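The values are calculated or read from the model by the stated rules, or taken from the named source; none is laboratory data. Remember, it's a predicted structure, so these values are computed and weren't measured experimentally. Glycine gets a Cβ as well: all are built from the backbone with ideal geometry, and neighbour counts include every protein chain shown. Heavy atoms of the whole protein, side chains included, go into the accessibility calculation; ligands, DNA and RNA do not. Shrake-Rupley method; radii C 1.70, N 1.55, O 1.52, S 1.80 Å.
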Amino acid sequence: MDQTPSTLNPAPALNLAERCQTRLSRSLQQLLRTSARTAEAHGTGVYAVGGFVRDVLLGVSNEDVDLTVEGDGVAFARHLAAAIDGTWKGPSAFGTAVVIARDGHKIDVATARRETYKHPAALPTVVPGSLRDDLFRRDFSINTLAFALNGPEAFRLIDWYGGSTDLAEGVIRVLHNRSFRDDPTRIFRAIRLEQRFGFVLHRHTLRLLQRAVEKRCIELLSGARLWRELRLMLEGESPVACLRRLDELQILPHIDAALVLSPAQLALLTGVTDARIGLAETHPEVIGRAWPLYLATLLYGMEADPIRRIGTRLALAPRAIQELLAGMAAVEAACQRLRLEVDLRPSAVVAALRTLPLELLPLLLALSPRGDVRQLIRSYLTAWRHVRPGLTGDDLKRLGVPQGPQIGRLLTCVLAAKLDGEAPTLEAEESLVRRAVTQGQDA
């Protein structure tokens with residue numbers, strides 16, 4: 001086979017060098033220059049590979065650099081860490097290491113290797129190999145692109161497997177027929193890339209994917225590996241589109257038979273995305289992690305037992321499963337209270353929302369189409385959740401409240417009165433407490 005790499009255009013060296021200069025941060029450009037000098041100093045060939053190269057060509061921001069070394073990648077990582085006065089971690093079971101710069105940048109360094117799979121969904125067995133071997137083991141052609149950082153061919157695109165053509169045409173293509181059976185996590189990565197970039201699966205690749213699904217290869221994956229891929233989808237740029245595609249390809253039931261994306265569920269997921277975008281514009285401080293929100297939305301309406309079963313299949317910690325169930329219960333309780341009561345006082349709204357994780361607020365908004373309810377939620381976010389009693393526990397003891405749970409109950413009552421305008425001053429709060437003490441009541 002011809003060993004001369006194809007190129008993206010007649011002047012690939014200038015093209016890639018310029019793209020790195022214009023599209024990467026200065027600190028990352030400096031890291032690449034130092035990597036090249038380190039490789040030269042130790043007689044090593046070092047290559048930028050994979051998604052980093054793909055994104056440089058697409059003009060997409062990507063500060064995560066993958067380097068492959070034809071030689072001892074771990075030794076190179078150690079030398080590079082010393083050259084930048086950084087640290088390094090490794091090696092992993094696959095001979096990889098991570099170099100961490102003082103500014104926090106991370107560079108993944110791997111020894112060029114070949115991979116074999118003892119059976120479908122097994123972790124690969126790796127042995128040292130050439131750069132060609134290393135690129136061929138990758139998932140899709142668009143991730144096989146590379147360029148050298150040093151030597152006479154520095155910044156010339158290496159494209160042995162047609163990745164640049166597929167990139168230009170927006171096609172996702174596997175490199176061999178056993179790709180999805182060897183590693184079923186590639187099914188999820190294919191969909192994630194398809195939705196992220198607006199690409200399409202090559203016809204043959206789609207047939208291979210569907211065949212792997214029909215052969216139940218997904219069910220061979222460990223929960224941890226399956227959850228990692230699903231979580232990346234839920235935390236990515238297009239979680240709803242990814243879930244819709246999983247449903248179209250009949251993949252969700254292979255995670256659990258109870259996972260069905262009905263039209264109502266899809267509409268709810270879309271509403272959650274809209275609500276999250278709106279909150280990001282008006283209250284960015286309440287936007288938390290994406291995956292609990294989208295997982296809760298996907299499972300919303302299920303009974304507790306199938307939720308626990310799905311959580312266990314995905315290798316979620318028992319505590320995470322319980323937090324998920326508690327959060328969903330809090331959403332349902334708040335939704336019912338806000339929906340059923342017509343004239344809610346601020347204290348009632350705060351009581352309804354106090355235990356609700358803020359990252360699940362978009363789900364509550366999507367479930368609450370009424371304008372007056374949405375206004376109550378906005379008032380809670382803007383003002384009511386920040387209100388605190390003027391009195392403290394020590395103040396209550398000074399006013400004659402004995403040490404014990406009554407202090408907490410009275411402070412809750414004082415807060416409610418302040419929210420509802422019944423105790424607008426510190427004096428009014430004290431009067432409320434004195435009256436409660438005199439009457440022998442909590443409030």
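Given labels modelled 7 Å from the Cα in the Cβ direction, how far is it in nm from Ala280 to Ala257?
That separation, rounded to one decimal, is 3.8 nm.
Where does region 19-76 land on Rg/Rh, using Cα atoms and the Kirkwood Rh? Before the final figure, lay out the partial values.
Values: Rg = 11.7 Å, Rh = 12.0 Å.
Checking Rg against Rh, the ratio lands at 0.98.
Averaged over all directions, how much area does the convex hull of the C-alpha atoms of the chain cover when projected, in nm²?
Working: hull surface 108.8 nm².
Seen from a random direction, the Cα hull of the chain projects 27.2 nm² on average.
Convert 10 °C to kelvin, take the viscosity as 1.306 mPa s, use the Kirkwood radius over C-alpha pairs of region 271-345 as Rh, and evaluate the Stokes-Einstein diffusion coefficient in µm²/s, rounded to a whole number.
Working: Rh = 13.9 Å.
Translational D for this selection: 114 µm²/s.
Just to confirm, what accessible area per residue do you get for the chain at 1.4 Å probe, in whole Å²? Before the final figure, lay out each step's value.
On the way: 21040 Å² over 443 residues.
So the chain comes to 48 Å² accessible per residue, rounded to a whole number.
Tell me, what % of the accessible area of the chain is carbon and sulfur with a 1.4 angstrom probe? Can you show the working numbers first?
Numbers: 11090 of 21040 Å².
The value for the chain is 53 percent carbon and sulfur by accessible area.
At 0.36 nm per residue, minus the direct Cα-Cα distance, what do Asn177 and Ser25 gain on full extension? Give it in nm, one decimal, please.
Numbers: separation 152, 0.36 × 152 = 54.72 nm, distance 3.84 nm.
Gain on extension, Asn177 to Ser25, equals 50.9 nm.
With each label point set 7 Å from Cα along the Cα-Cβ vector, what nm distance links Thr382 and Ala83?
Roughly 5.6 nm, to one decimal.
For region 93-161, what percent of Cα pairs sit more than 14 Å apart? Present the calculation step by step, with values, prior to reporting the outcome.
Values: 1609 of 2346 pairs.
It works out to 69 percent of all Cα pairs.
Nearest 10 degrees is fine. How inclined is helix 371-382 to the longest principal axis of the chain, computing both from alpha carbons?
Taking Cα atoms only, the helix is inclined about 80 degrees.
Quick check: pseudo-label points 7 Å beyond the Cα along Cα→Cβ at Arg289 and Leu220, how many nm apart are they?
3.0
Of all alpha-carbon pairs in region 220-327, indicate the percentage at a distance above 17 angstrom.
Working: 3116 of 5778 pairs.
So the portion of pairs separated by more than 17 Å is 54 percent.
Hey, what did the chain get for relative contact order, percent, Cα under 8 Å, at least 6 apart?
Details: 623 pairs, mean separation 42.6, N = 443.
Computed value for the chain: 10 percent relative contact order.
Explain nothing, just the number: dipole magnitude of region 82-128 about its Cα centre with +1 on each Lys and Arg Cβ and -1 on each Asp and Glu Cβ, in debye rounded to the nearest 20.
Details: 6 positive and 4 negative charges, 37 e Å.
Here the size comes out at about 180 debye.
Please report the net charge: other residues with Cβ closer than 13 Å to the Cβ of Val60, K and R +1, D and E -1. Numbers along the way, then the final one.
Values: positive: Arg19, Arg23, Arg54, Arg196; negative: Asp55, Glu63, Asp64, Glu237.
Summing Lys and Arg as +1 and Asp and Glu as -1 gives 0.
Taking the DSSP beta bridges in the chain as the whole, what percent of them are antiparallel, to the nearest 5?
On the way: 22 of 30 bridges.
Counting only bridges with both partners in the chain, antiparallel ones make up about 75 percent.
Give, in nm to one decimal, the length gained when the segment between His119 and Ala17 is fully stretched (0.36 nm per residue of separation minus the Cα-Cα distance).
Values: separation 102, 0.36 × 102 = 36.72 nm, distance 4.12 nm.
Here the segment from His119 to Ala17 would lengthen by 32.6 nm.
With a sphere of radius 13 Å drawn around the Cβ of Arg309, what net charge do the other residues whose Cβ falls strictly inside it have (Lys, Arg +1; Asp, Glu -1)? Spell out each step's value before the answer.
Numbers: positive: Arg308, Arg313; negative: Asp256, Glu303, Asp305.
Around Arg309, the surrounding residues sum to -1.
Taking a point 7 angstrom from the Cα of Phe136 along the C-beta vector, which residues in region 44-82 have backbone N less than 18 Å away?
In region 44-82, the label zone of Phe136 (backbone N under 18 Å from the point 7 Å along Cα→Cβ) covers 50, 69-71.
For Lys397 and Asp305 in one chain, what is 0.36 nm times their gap in residues minus the Cα-Cα distance, to one decimal in nm?
Details: separation 92, 0.36 × 92 = 33.12 nm, distance 4.56 nm.
Between Lys397 and Asp305, full extension yields 28.6 nm more.
For region 53-112, place one equal point scatterer on every Cα, skip the solvent, and apply the Debye formula. What is log10 of I(q)/I(0) at q = 0.28 Å⁻¹?
Debye curve over Cα of region 53-112, log10 I(q)/I(0) at q = 0.28 Å⁻¹: -1.08.
Using only alpha carbons, build the gyration tensor for region 297-443 and give me the equivalent ellipsoid semi-axes, biggest first, whole Å. Mind dumping the intermediate values first?
Values: eigenvalues 251, 78, 26 Å².
They are 35, 20, 11 Å, listed largest first.
For region 86-206, count all C-alpha to C-alpha pairs, find those more than 21 Å apart, and express that count as a whole percent of the total.
Counting every Cα pair in region 86-206, those more than 21 Å apart make up 49 percent.
How large is the dipole of region 347-443 about the Cα centre if only Lys and Arg carry +1 and Asp and Glu carry -1, each at its Cβ, rounded to the nearest 20 debye? Walk me through the numbers on the way to the answer.
Working: 12 positive and 10 negative charges, 40 e Å.
In debye, rounded to 20, region 347-443 gives about 200.
Where does helix 304-313 land angle-wise versus the long Cα axis of the chain, in degrees 0 to 90, nearest 10?
Approximately 30 degrees, to the nearest 10.
Could you give the dipole magnitude of the chain about its Cα centre, charging the beta-carbon of Lys and Arg +1 and that of Asp and Glu -1, in debye to the nearest 20? Intermediate values should be presented prior to the final figure.
Numbers: 55 positive and 50 negative charges, 127 e Å.
For this selection, approximately 620 debye.
Using the beta-carbon distance between Arg354 and Ala264 and R0 = 22 Å, what value does 1/(1 + (r/R0)^6) give for FRET efficiency, to the nearest 0.05?
Details: r = 29 Å, r/R0 = 1.30.
Calculated transfer efficiency: 0.15.
Given the C-alpha atoms of region 365-429, compute the convex hull and give its volume per residue in Å³.
Details: hull volume 6.3 nm³, N = 65.
Given the Cα convex hull of region 365-429, per-residue volume reads 96 Å³.
If you add up the charges near Glu115, with Lys and Arg at +1 and Asp and Glu at -1, over every other residue whose beta carbon is less than 15 angstrom from its beta carbon, what do you get?
Taking every Cβ under 15 Å from that of Glu115, the sum is +4.
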